[in-house]
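Chemist: Structure provided below as structure tokens; questions to follow.
The values are calculated or read from the model by the stated rules, or taken from the named source; none is laboratory data. Just so it is clear, the model here is predicted, and its values are computed rather than measured. Cβ sites come from the backbone with ideal geometry, for glycine too, and all protein chains shown count toward neighbours. To get the accessible areas, we keep the full protein, side chains included, count just its heavy atoms, and leave off ligands, DNA and RNA. Shrake-Rupley method; radii C 1.70, N 1.55, O 1.52, S 1.80 Å.
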Amino acid sequence: MRAGPIISLASIYDPEKDEYRSVMYKGYVSELFVPYMDLTEEWYYRTFLDAGEFGFGQCAVPLEPLKDCPENAVFMDGYYTTQDGSPEKLSNVLCVFERHAGDIKWRHSESAIPGKMIVEVRPDVSLVVRTVSTVGNYDYIVDWEFKQAGTIKVEVGLTGLLAVRGSNYTHKDQIQEEVYGTLVAENTLGANHDHFLNFNLDLDIDGDANSFVKTNLQTRRVTGNRSPRKSYWTAVIETAKTESDARIQLNKKPTELLVVNPSKKTKVGNQVGYRLIPGSVVGPLLTDDDYTQIRGAFSKYNVWVTPYNKSEKWAGGLYADQSHGDDNLAVWSLRNRIIENKDIVLWYTLGFHHVPSQEDFPIMPTLSGGFELRPANFFEHNPTMNDVSPKDARA
Ligand SMILES: [Cu+2]
């Protein structure tokens, strides 16, 4: 009832090894923090933890065939445990479908061979698992998309109703005070706010003993007579030893982030891994001592890595309701435990700073963001090389 969909035991078939290889033991939305910035009496406390306080899974809604999901979708029921321990059924809250979006998986037109043009194209087909949770005014669409080349792509779409406050104002020019938002219609103020979604990603890259690696891209000046060039960049690899090495605010410096299995290597000697490709990167704007920020402290960093601990499931803490922020991801991480060559959990926070605009009213068109987990030296080569193209299949 708290997490909503949980993806378990995600693995990918390796055609070369003729076996399924593990990628993710478990992945789910661990918390959703939505602090509003309106300081008026009826609003200042609106700083919701939508998973811990409301139940992101409990708020899942039945999906509408042909509208929420395409015509080839298969619908599934969900079950959660109620407060007295009995199971509660939610009908048609999951849909699973193949996405033929018209995109290209890979292609090349080779024109370098005299008198010959070689063209190869493969269309992209993926498998999508979709849910929608309507938490109060907002509807959150969560897609887990599994691509043939091994990428797991997560996309979150925000739609539904803005939380609005009644007002005497009918025109922006009348406003002389701070109103903490945008006049989105006459007598209607849409408050500024954030959405921070934290994903708990227990990756098991080809086994459960993994390490977190930062590949820092650093500019180098060319010295001596090595090259006519003045500069270049190089990749400096750093393996995180403890939790403090893995608290990362993105967009500060160019870094590629990987989870690798240090005991598994490809034939040419690279550690097998998966790369986190961030999207919807936002950082905290509130001060560390604000009560709201203490409770939603996981939003301070985009990336955290912890050693697996069965009691550490929820970034906002086990008891989020009325919490004081003394048992959450930010507190656990202060123990600075060893994370190298261990069963580790990657926590990724994506988000949106939301200054409402008039188009968000009365119903907001979907705003999307997400991230990807992409194989990095996990396979010996492109794992989809031997796929048969639709043209060949017909022949
Ligand atoms: Cu919003």
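Chemist: Among the residues of region 299-319 satisfying the criterion of being out of contact with any Phe, Trp or Tyr (no Cβ under 7 Å at 6 or more places or on another chain) and hydrophobic (A, V, I, L, M, F, W, C), which is least open to solvent (accessible area, probe 1.4 Å)?
Modeler: Residue satisfying both the conditions and the ranking: Trp314.
Chemist: Are there any pairs, at least 6 apart or on different chains, whose C-beta atoms fall under 7 Å, with the first in region 178-198 and of a type in the set (Asp, Glu) and the second in a strand (DSSP E or B) and open to solvent by less than 30 Å² (accessible area, probe 1.4 Å), and if so, which?
Modeler: Close Cβ pairs satisfying both conditions: Asp194/Val34; Asp194/Pro35; Asp194/Gly351; Asp194/Phe352; Asp194/His354.
Chemist: Return the residue satisfying two criteria in turn: it lies in region 1-24 and is more than 19 Å from Phe378 (Cα to Cα) and among the small types (Gly, Ala, Ser), and of such residues it is most open to solvent (accessible area, probe 1.4 Å). Steps first, please.
Modeler: Here is the first cut: in region 1-24, the ones more than 19 Å from Phe378 (Cα to Cα) are 1-8.
Restricting the remaining residues to those that are among the small types (Gly, Ala, Ser) gives 3-4, 8.
On the way: Ala3: 6, Gly4: 29, Ser8: 68 Å².
The extreme case among them is Ser8.
Chemist: For region 1-39, which residues satisfy the criterion of being in contact with a helix residue (DSSP H, G or I) (Cβ under 6 Å, 6 or more places away or on another chain) and acidic (Asp, Glu)?
Modeler: If the condition is that a residue be in contact with a helix residue (DSSP H, G or I) (Cβ under 6 Å, 6 or more places away or on another chain) and acidic (Asp, Glu), then Glu31 is the only one that fits.
Chemist: Scan region 153-191 residue by residue and report those that are within 13 Å of the ligand (Cβ to nearest atom) and part of a strand (DSSP E or B).
Modeler: Within region 153-191, Val156, Gly157, Leu158, Thr159, Gly160, Val164, Gly181, Thr182, Val184, Gly190, Ala191 qualify.
Chemist: Restricting to region 25-66, name every residue that is surrounded by 18 or more Cβ atoms within 10 Å (Cβ to Cβ), of a type in the set (Ser, Thr, Tyr) and away from the ligand (no atom under 16 Å from the Cβ).
Modeler: Of everything in region 25-66, those that are surrounded by 18 or more Cβ atoms within 10 Å (Cβ to Cβ), of a type in the set (Ser, Thr, Tyr) and away from the ligand (no atom under 16 Å from the Cβ) turn out to be Tyr25, Tyr28, Ser30.
Chemist: What number of residues in region 367-385 are open to solvent by 80 Å² or more (accessible area, probe 1.4 Å) and either modelled with pLDDT of 95 or more or within 16 Å of the ligand (Cβ to nearest atom) (or both)? Spell out how you get there, then give the answer.
Modeler: Here is the first cut: in region 367-385, the ones open to solvent by 80 Å² or more (accessible area, probe 1.4 Å) are 374, 381, 385.
Still in the list and also either modelled with pLDDT of 95 or more or within 16 Å of the ligand (Cβ to nearest atom) (or both): 374.
Total satisfying the criteria: 1.
Chemist: Among the residues of region 133-144, are any open to solvent by less than 20 Å² (accessible area, probe 1.4 Å) and either more than 16 Å from the ligand (Cβ to nearest atom) or more than 26 Å from Asp77 (Cα to Cα) (or both)? Steps first, please.
Modeler: First pass over region 133-144, keeping only residues open to solvent by less than 20 Å² (accessible area, probe 1.4 Å): 133, 135, 138, 140, 142-144.
Remaining after also requiring either more than 16 Å from the ligand (Cβ to nearest atom) or more than 26 Å from Asp77 (Cα to Cα) (or both): 143-144.
Yes: one or more hits.
Chemist: Another question about this same structure. From (1) in a strand (DSSP E or B); (2) more than 16 Å from the ligand (Cβ to nearest atom); (3) modelled with pLDDT of 95 or more; (4) more than 30 Å from Lys26 (Cα to Cα), pick out the condition that doesn't hold for Val121.
Modeler: All conditions are met except number (3).
Chemist: Next up: Being away from the ligand (no atom under 16 Å from the Cβ), closer than 30 Å to Trp347 by Cβ and not in a strand (DSSP E or B) is true for just one of Gly150, Gly102. Which residue is that? Can you show your working first?
Modeler: Working: Gly102 fails: closer than 30 Å to Trp347 by Cβ.
Only one candidate qualifies: Gly150.
Chemist: If I ask for residues that are charged (D, E, K, R), within 18 Å of Asp50 (Cβ to Cβ) and open to solvent by less than 60 Å² (accessible area, probe 1.4 Å), which ones from region 145-195 would you list?
Modeler: So in region 145-195, the residues charged (D, E, K, R) come out as 145, 147, 153, 155, 165, 172-173, 177-178, 186, 194.
Those left that are additionally within 18 Å of Asp50 (Cβ to Cβ): 155, 194.
Asp194 - this is the single residue of region 145-195 that is charged (D, E, K, R), within 18 Å of Asp50 (Cβ to Cβ) and open to solvent by less than 60 Å² (accessible area, probe 1.4 Å).
Chemist: Could you check region 192-237 and list, in sequence order, the residues that are aliphatic (A, V, I, L, M) and away from the ligand (no atom under 16 Å from the Cβ)? Steps first, please.
Modeler: Taking region 192-237 and keeping what is aliphatic (A, V, I, L, M), we get 197, 201, 203, 205, 209, 213, 217, 222, 235-237.
If the condition is that a residue be aliphatic (A, V, I, L, M) and away from the ligand (no atom under 16 Å from the Cβ), then Leu201, Leu203, Ile205, Ala209, Val213, Leu217, Val222, Ala235, Val236, Ile237 are the ones that fit.
Chemist: Still on this structure, please answer the following. In region 320-363, what count of residues is obtained for those that are surrounded by 16 or more Cβ atoms within 10 Å (Cβ to Cβ), over 17 Å from the mean Cα position of the chain (by Cα) and within 16 Å of the ligand (Cβ to nearest atom)?
Modeler: Counting residues in region 320-363 that are surrounded by 16 or more Cβ atoms within 10 Å (Cβ to Cβ), over 17 Å from the mean Cα position of the chain (by Cα) and within 16 Å of the ligand (Cβ to nearest atom) gives 4.
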